[in-house]
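Take a look at the structure below.
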Amino acid sequence: MSLNRRKFLKDSLLLAAISTRSSSIFASPVFFEKSSTFKRVRPGDPHWPSPDKWEKLNNAVNGNLIKLESPLTSCKTSPGKSTCDDLFKNLKNPYYIGDNPALTQSSGWLDAWRSESSVYAVAAKATDDVVAAVNFARENNLRLVVKGGGHSYQGTSNSADSLLIWTRAMNKIVLHESYIAHGCEARQAAQPAVTIEAGAMWLQTYDAVTTKGGRYVQGGGCATVGVAGLIQSGGFGSFSKHYGMAAAALLEAEIVTADGSVKIANACNNSDLFWALKGGGGGSFGVVTKLTLRTRELPENFGLVFGSVKAKSDAAFKTLITKLVELYHDKLFNPHWGEQIRFRPDNTVEITMLFHGLTREQAQASWQSFEEWVRQASQDYVFETPLTTMVIPAQHLWDIAFLKQYAPGFIAMDDRPNASEKNIYWTSNKSEAGQFLHGYRSAWLPDALLEKKNQKKFADALFAASRHWSTTLHFNKGLAGAPPEEVAAAKDTAMNPDVLDAFALVIIAGEGKPAFTGIVGHEPDVNKGRDQAARINKAMDELKKIAPNAGSYVSESDFFEKNWQQSFWGSNYKRLAVVKKKYDPEGLFFVHHGVGSEEWSDDGFTRIR
Ligand SMILES: Cc1cc2nc3c(=O)[nH]c(=O)nc-3n(C[C@H](O)[C@H](O)[C@H](O)COP(=O)(O)OP(=O)(O)OC[C@H]3O[C@@H](n4cnc5c(N)ncnc54)[C@H](O)[C@@H]3O)c2cc1C
């Protein structure tokens, strides 16, 4: 009798557990193991789709299903082969990596994640392919991954045992002279815009919009970053202090949600989803298939000021930092200036600042007093690279032919035989191709730190941080100092509101060459990596002393961020979680530290809540 009673109770609990799930889940062959644990299937599991089912998917996506094999597999078995040497050479080429669905732009992150190939990829060519792949993943209970440019530092565009939707071939770009988002006719004025398919890279977009179209679109600095990934991160480029955050320029997106429907998201349709796509993080709300962004006027010129100064003592370096903080506050804290100043442990400062809409003379005037001060104190400082100002007609900044002729030192080429002539990237991004990350931290620094009364405290913290690791201020990744209308536009996004009052994002990071566990001669250097990670953390601790609650940029941040919901999205997280539940109630879309990911195991296979 008592046994039966226990069985009855157990069955009732199981029924209750099942019935609390929404009805849509019954449409898919979900199964419950060990007291109703929900698990996605892996190859070898009895519910893994049969070859017939995969063939049906292949037909549904017009033959665009690919069975993946990582090129690294053969290196594991025959590490000494010349093909393996060629592979590791190619792993320094972002185009080679981007063209291979089994690879990612970072090879991994020590103690965090390593790049793994999916089992199959749908190399989507059209929205219908994406719909078929989403439905297949949901109906067969698969771990689904979405990849565009493959640049995620956090490894969110790869997973072993998964199905990948790979958007690289979806890269059409269409310019509009006057665009109104669908259904917004009564609320929006027509404006120039560009519609970009999700797999396009920023270089392709700039080529269409700026070089050919004579307009500007706010995107990212790195040429090979994917458009959809960056927009969903918020997105900053060199001139964001003038044009604002990239996501704030989004007028409309087409997106395939977890139920397999194609939705238009804009200010007038699915406006909650539209808001979430503007900075709520890639890979969490659906598969974006195209995006429409407003385009803007180009200035006459863009320009660059670069150089480096070495201080001859710690005391002189401290003074140099103070001088640069003061210079930034007095002369550069405005919409004209963006990009970076790096403070290195060897008492060197590297300056790489870009400007917008200034003449050469105006730009030089901003730096003149600093340059003279350094020269006059030759007992304490030396210019290791003289301060140099370059100006480029704005329409030529991404003009491949122009760059090859006039600025060959700034670009690197895809060096594969038969590679497209158009495949260029900035030499400054070379070290990041294939990188194996050791540590990466970022924090938005509030503009209050620039006030006269706080400048010394801030300079001292920068000095203390630089004792541990190179510490870089990215001035274009904080909106304090930007025009009020750009700050207001950023406010209407899902980004952590900390970005609005931040004058810079500080990034402290370290990486090594491409590395893979199990490949002789190319294993990660664990000791060196952990040492670097510890130094990076110590450097950030110094800055956290003066900005303890600073949030962090979701796409350029720590894999191990503890309070990630608060750090990436601040007060916007609650609203994001509601949008997630509405459009993806069963959590088909999972990424590490993405909205709703707290309901899943670290690998995204097992529901834990
Ligand atoms: C070398 C380098 C330079 C960078 N420079 C900048 C910079 O200048 N400014 C800046 O703001 N950021 C920069 N970043 C960060 C970058 O913007 C983000 O990592 C961005 O998410 C990368 O997008 P992706 O498509 O290239 O990467 P992926 O790894 O393909 O995607 C990133 C995330 O977005 C998701 N995703 C991709 N496509 C889609 C889609 N169509 N629909 C739904 N989800 C999708 C993926 O699932 C993943 O979670 C840089 C990163 C690197 C590695």
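The values are calculated or read from the model by the stated rules, or taken from the named source; none is laboratory data. Just so it is clear, the model here is predicted, and its values are computed rather than measured. Using ideal geometry, Cβ is built from the backbone for each residue, glycine included, and neighbour counts are taken over all protein chains shown. The protein model used for the area step is the full one, side chains on, heavy atoms only, and it has no ligands, DNA or RNA in it. Shrake-Rupley method; radii C 1.70, N 1.55, O 1.52, S 1.80 Å.
Numbers for the structure displayed
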item: Neighbour net charge for Lys323 - beta-carbon separation under 12 angstrom, K R +1, D E -1; result: -2
item: Those residues of region 379-410 whose amide nitrogen sits under 12 Å from the label point placed on Thr359, 7 Å along Cα→Cβ; result: none
item: Placed amide H near Leu251: partners under 5 Å, 5+ positions off or other chain; result: Thr292, Leu293, Arg294
item: Inter-site label distance for Glu139 and Lys562 at 7 Å from Cα along Cβ, in nm; result: 4.6 nm
item: Exposure ranking of Ile180, Ile400 by accessible area [1.4 Å probe, largest first]; result: Ile180, Ile400
item: Accessible area of Tyr425 in the full protein assembly, 1.4 Å probe (Å², nearest 10); result: 10 Å²
item: Region 144-155 - phi-based ³J(HN,Hα) in whole Hz, Karplus 6.51/-1.76/1.60, Gly and Pro as x; result: 10, 10, 10, 9, x, x, x, 8, 3, 5, 8, x
item: Ranking by accessible area, most exposed first, for Asp603, Asp85, Asp399 with a 1.4 Å probe; result: Asp85, Asp603, Asp399
item: Förster radius 25 Å - calculated FRET efficiency between Val578 and Asp492, Cβ distance, rounded to 0.05; result: 0.90
item: Cα Rg over Rh - region 220-325, Kirkwood; result: 1.20
item: Simple spin-label estimate for Lys81 and Asp346 in nanometres, 7 Å along Cα-Cβ; result: 4.0 nm
item: Environment charge at Ile392 (Cβ cut-off 15 Å; Lys +1, Arg +1, Asp -1, Glu -1); result: -1
item: Vicinal HN-Hα couplings computed from phi for region 541-552 (Karplus, 6.51 cos²θ - 1.76 cosθ + 1.60; Hz; Gly/Pro x); result: 4, 5, 6, 5, 5, 9, 9, x, 9, 4, x, 9
item: Amide H contacts under 5 Å for His474, placed H, 5+ residues apart; result: Leu505, Val506, Ile507
item: Solvent-accessible ranking of Ser107, Ser378, largest area first, probe 1.4 Å; result: Ser378, Ser107
item: Sorted largest first, extent of region 503-575 alpha carbons per principal axis (Å); result: 47, 29, 20
item: Cα-centre dipole for the chain with unit charges at Cβ (Lys and Arg positive, Asp and Glu negative), debye to 20; result: 1400 debye
item: Too-long pairs where the Cα-Cα distance tops 31 Å, listed order kept, from Lys76/Lys477; Lys491/Lys562; Lys430/Lys538; Lys125/Lys582; result: Lys76/Lys477
item: Helical contribution to [θ] at 222 nm, DSSP H n ≥ 4, -39,500 (n - 2.57), averaged over the chain, rounded to 500; result: -9000 deg cm²/dmol
item: Phi-based couplings in Hz for region 430-438 (Karplus 6.51, -1.76, 1.60; Gly and Pro marked x); result: 4, 5, 7, 5, x, 3, 10, 6, 9
item: Length gained when the stretch Ser378-Asp111 is fully extended (0.36 nm per residue, less Cα-Cα span); result: 91.6 nm
item: Helix 127-139 vs. the chain, principal-axis angle (Cα, 0 to 90°, nearest 10); result: 50 degrees
item: Degrees between helix 314-327 axis and first principal axis of the chain (Cα, 0 to 90, nearest 10); result: 80 degrees
item: Cβ-derived FRET efficiency at R0 41 Å, Phe410 paired with Val262, nearest 0.05; result: 0.55
item: Segments 185-191, 247-253, 309-315 sorted - mean Cβ within 10 Å per residue, highest first; result: 247-253, 309-315, 185-191
item: Accessible area (Å², 1.4 Å probe, nearest 10) - Leu291; result: 0 Å²
item: Alpha-carbon Rg/Rh ratio, for the chain, with Rh computed the Kirkwood way; result: 0.98
item: Dipole magnitude of region 190-275, debye to nearest 20 (Cβ charges: Lys/Arg +1, Asp/Glu -1, about Cα centre); result: 340 debye
item: Charge sum, other residues only, whose C-beta stays under 10 Å from Ile173's C-beta, Lys/Arg counted +1 and Asp/Glu -1; result: +1
item: Gained length - Gln191 relative to Glu523, 0.36 nm times residue gap less alpha-carbon distance; result: 114.4 nm
item: Tilt relative to the chain, helix 452-468 - C-alpha long axis, 0 to 90 degrees, to 10; result: 70 degrees
